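J.: Just dropping this structure here.
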Protein chains: 2
Amino acid sequence: MTVSIEKTDTPEIYRDLHQRLITAGFTPGEKLKAEELRVTYGCSANTIRDVLLRLSTVGLVSFEEQRGFRAQETSPEKRHDVARFRILLEQEGASLSIRNGDIMWEAQLSAAHHKLSHIETTIAKNGELEAYLPLWSAAEWEFHDTLISACQSPLLRGTYRNIYDQFRQQMVAQERDFGSNYFHAIITEHQAILDAALDRDEERCRKAIHEHMKRNFI
Amino acid sequence: MTVSIEKTDTPEIYRDLHQRLITAGFTPGEKLKAEELRVTYGCSANTIRDVLLRLSTVGLVSFEEQRGFRAQETSPEKRHDVARFRILLEQEGASLSIRNGDIMWEAQLSAAHHKLSHIETTIAKNGELEAYLPLWSAAEWEFHDTLISACQSPLLRGTYRNIYDQFRQQMVAQERDFGSNYFHAIITEHQAILDAALDRDEERCRKAIHEHMKRNFI
DNA sequence: ATTCAATAAAATTTCAAGATTTTAAAAAAA
DNA sequence: TTTTTTTAAAATCTTGAAATTTTATTGAAT
């Protein structure tokens, strides 16, 4: 399923490959051949190499010297690791935000949740997942990122971004339910996180975050 | 101070630049010109680009599209951030290791500490820092890495590795004491971490880790 | 039949030069 | 003098091809 694309430059190639990697656009462990991708994107092999090197630094692509690049492998162990680490970072980020966040943070979090909740309710009702998936993806990210946005640690926030993407990559690979049951469940979970955060209750927020992610432990 | 080096291949160039970056081999924020380094290492500009891209993914080099590479900038804020994040990761890794580690872990940690302690005592006595620095660097890393090695989370351990390196980079840039006072202090601190870990006392270990790093908050 | 070695094919990595973009310097205008 | 525009220099990025390494295939030997 190699779709040919017209003259894209490096940042676009990066974005496109990034997107494909976190939406099951490649089979986990699939070899990413520079020559093949070169044709797809209409650029030189070196440009592809450039992009793949960057994607390997954020963990979406695995790289071995002289053996090229592969879409990151998935495994129960990896999913477990990614889920646990994401919980750790999000709990810590949320705690710090609860301590440091001002009214603006509350407002932004509220707004992000409102958007997310609206989309999730629509999906839960109508079930047209396909159509809403890109919208939902963006909104889900925005909510979680806003939650930790007042932590005052660029490193924590940046690391969380990488782990969140790896989480997505691992989880979409192992397709599960994703029916309307799933969306009903996460609506409640997101609400619990929001409530605890706005109540400035660190412990409850940590628990809510754990609840939200525990289905990914297997 | 550009020293010409004979025909080094990529992994070696990576190691060498990595080493220089975490030992104040470049002024923070200094431009890393591909052409200059190309001459130094006797390779093509593309090989240098390759290496710098990888170093930027681990945070030692900053990279801006079309504007090239720079040795990571330093600032009190960055140091603070890196120190806090390192504490978080090491505390969490140590806690998990205390819970999961077996006898082998205890033995390895003991051994790592023994080596480190021997080197630090020597430096505290003789004061010949220069001669022992590479030895001490390796031993310090081995101790801290072993401490978290039983955490059973490759992601946590890998992230810690990056942050530890960034910590080094930030701290050596801001040269402080490093006299025999300093080494007397950290001997005690490392001992406290070891004791708490072997006693399987998570809380005490967390405190000891915090104590060890708090001088870097400013 | 299975293992090992030799060969061929494919893929990755390196190279050097050309194209593009950014940065610095000089000249012109306000 | 300060700001803006123009020009020149420098650096980055891309390209296509050569060199190296890995992987797959074939044939020989145990």
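Values quoted throughout were computed directly from the atomic coordinates according to the rules given, and no laboratory measurement underlies them. Just so it is clear, the structure is predicted and the values come from calculations on it, not from any experiment. Positions of Cβ are generated from backbone atoms using ideal geometry, with glycine treated the same way; all protein chains shown enter the neighbour counts.
J.: Counting other Cβ atoms within 10 Å, keep those with at most 14, restrict to DSSP loop, and tell me which GluC sites (Glu not before Pro) in segment A:72-123 are left.
T.: Those satisfying the criteria are A:Glu73.
J.: Something else now. Give me the angle, in degrees from 0 to 90, between the Cα long axis of helix B:154-173 and the longest principal axis of the Cα atoms of chain B, rounded to the nearest 10.
T.: Taking Cα atoms only, the helix is inclined about 70 degrees.
J.: Provide an ascending nm list, one decimal, of label-point separations from B:Pro154 to the equivalent residue in each further copy; define each label point as 7 Å from Cα along Cα→Cβ.
T.: Listed shortest first, these distances are 3.0 nm.
J.: Report the calculated FRET efficiency for A:Arg15 and B:Asn126 (r = Cβ-Cβ distance, R0 = 60 Å), to the nearest 0.05.
T.: E between A:Arg15 and B:Asn126, to the nearest 0.05, is 0.60.
J.: Ok, one more. From the backbone phi of segment A:132-141, what are the Karplus-calculated ³J(HN,Hα) couplings (6.51 cos²θ - 1.76 cosθ + 1.60, θ = phi - 60°) in whole Hz, Gly and Pro given as x?
T.: Per-residue couplings from phi come out as 9, 4, x, 4, 4, 4, 4, 5, 5, 4 Hz.
J.: Report the calculated FRET efficiency for A:Val39 and A:Phe63 (r = Cβ-Cβ distance, R0 = 22 Å), to the nearest 0.05.
T.: 0.60
J.: May I pose another question? Can you list the residues, at least 5 places off or on another chain, whose amide H is less than 5 Å from the amide H of A:Leu32, using H built in the peptide plane?
T.: Distant-sequence amide H within range of A:Leu32: A:Phe69, A:Arg70, A:Ala71.
J.: By its C-alpha gyration tensor, with a ≥ b ≥ c as the square roots of the eigenvalues, how is segment B:49-171 shaped: rounded for a/c under 1.5, else prolate for a/b larger than b/c, else oblate?
T.: It is oblate, given that a/c is not under 1.5 and a/b is not larger than b/c.
J.: Please check: in the Gaussian network model of chain A (C-alpha springs, under 10 Å), which one of A:Ser110, A:Ser62, A:Ser137 has the largest mean-square fluctuation.
T.: Largest GNM mean-square fluctuation: A:Ser137.
J.: What does the C-alpha gyration tensor say about the overall shape of the protein assembly as shown? Classify as rounded when a/c is under 1.5, otherwise prolate if a/b is larger than b/c, or oblate.
T.: Oblate is the answer for the protein assembly as shown, as a/c is 1.5 or above yet b/c matches or exceeds a/b.
J.: To continue, here is another question. Within 10 Å of each Cβ of B:161-169, how many other protein chain Cβ atoms are there on average?
T.: 1
J.: Let me ask another. Restricting to DSSP loop positions (anything but H, G, I, E, B) with no more than 12 other Cβ atoms inside 10 Å of their own Cβ, which GluC sites (Glu not before Pro) remain in segment A:131-218?
T.: Counting only loop positions with at most 12 other Cβ atoms within 10 Å, the GluC sites (Glu not before Pro) in segment A:131-218 are A:Glu175.
J.: Name the shape class, rounded, prolate or oblate, that the alpha-carbon gyration tensor gives for segment B:10-71, where a ≥ b ≥ c are the square roots of its eigenvalues, rounded holds for a/c under 1.5, and otherwise prolate holds if a/b is larger than b/c and oblate otherwise.
T.: Cα axes put segment B:10-71 in the rounded bin.
J.: Starting from 0.36 nm per residue, how many nanometres of slack lie between A:Asn46 and A:His184 once their C-alpha separation is accounted for?
T.: Length gained, A:Asn46 through A:His184: 45.1 nm.
J.: Still on this model: GNM on chain B, C-alpha springs below 10 Å: top fluctuator among B:Val61, B:Val51, B:Val82?
T.: B:Val51
J.: Hey, which lysines would be in cross-link range of B:Lys125, C-alpha to C-alpha under 25 Å, not counting anything within fewer than 8 residues on its own chain?
T.: Cross-link targets: B:Lys115, B:Lys214.
J.: On a 0 to 90 degree scale, rounded to 10, what angle separates helix B:10-21 from the longest Cα axis of chain B?
T.: Between the helix axis and the principal axis of chain B, the angle is about 70 degrees.
J.: Can you return the lysines within cross-link range of A:Lys33? Criterion is Cα-Cα under 22 Å, with same-chain partners fewer than 8 residues away left out.
T.: A:Lys7
J.: Of the candidates A:Ala94, A:Ala71, A:Ala45, which one comes out as most mobile in a Gaussian network treatment of chain A with C-alpha springs shorter than 10 Å?
T.: Judging by the Gaussian network model, the answer is A:Ala45.
J.: May I ask you to report, in nm to one decimal and beginning with the shortest, the distances from A:Lys31 to the same position in the other copies, taking label points 7 Å along Cα-to-Cβ?
T.: 4.1
J.: Which distances in nm, rounded to one decimal and ordered from shortest, link the label point of A:Thr121 to the equivalent label points in the other identical copies, with labels set 7 Å from Cα toward Cβ?
T.: Its label point is 6.9 nm from the equivalent points in the other copies.
J.: Another one. How shielded is A:151-159 by partner chains, expressed as the average number of their Cβ atoms within 10 Å of its Cβ atoms?
T.: 5
J.: Name the lysines eligible as straight-distance cross-link partners of B:Lys31: C-alpha to C-alpha under 22 Å, and not fewer than 8 places from it in the same chain.
T.: Within reach: B:Lys78.
J.: Computed from the mean reciprocal separation of all distinct C-alpha pairs, what Kirkwood hydrodynamic radius does chain B have, in Å?
T.: With all distinct Cα pairs of chain B included, I get 18.5 Å.
J.: Considering the rotation that carries chain A onto chain B, locate the chain A residue whose Cβ comes closest to its axis and report the distance in whole Å.
T.: A:Thr57, 1
J.: Per residue of the protein assembly as shown, what 222 nm ellipticity follows from adding -39500 (n - 2.57) for every DSSP H run with n ≥ 4, rounded to the nearest 500?
T.: Result for the protein assembly as shown: -23500 deg cm²/dmol, rounded to the nearest 500.
J.: Same structure, new question: Quick check: the distance between the Cα centres of segment A:160-178 and segment B:23-99, to the nearest angstrom?
T.: Cα centroid to Cα centroid, the span is 27 Å.
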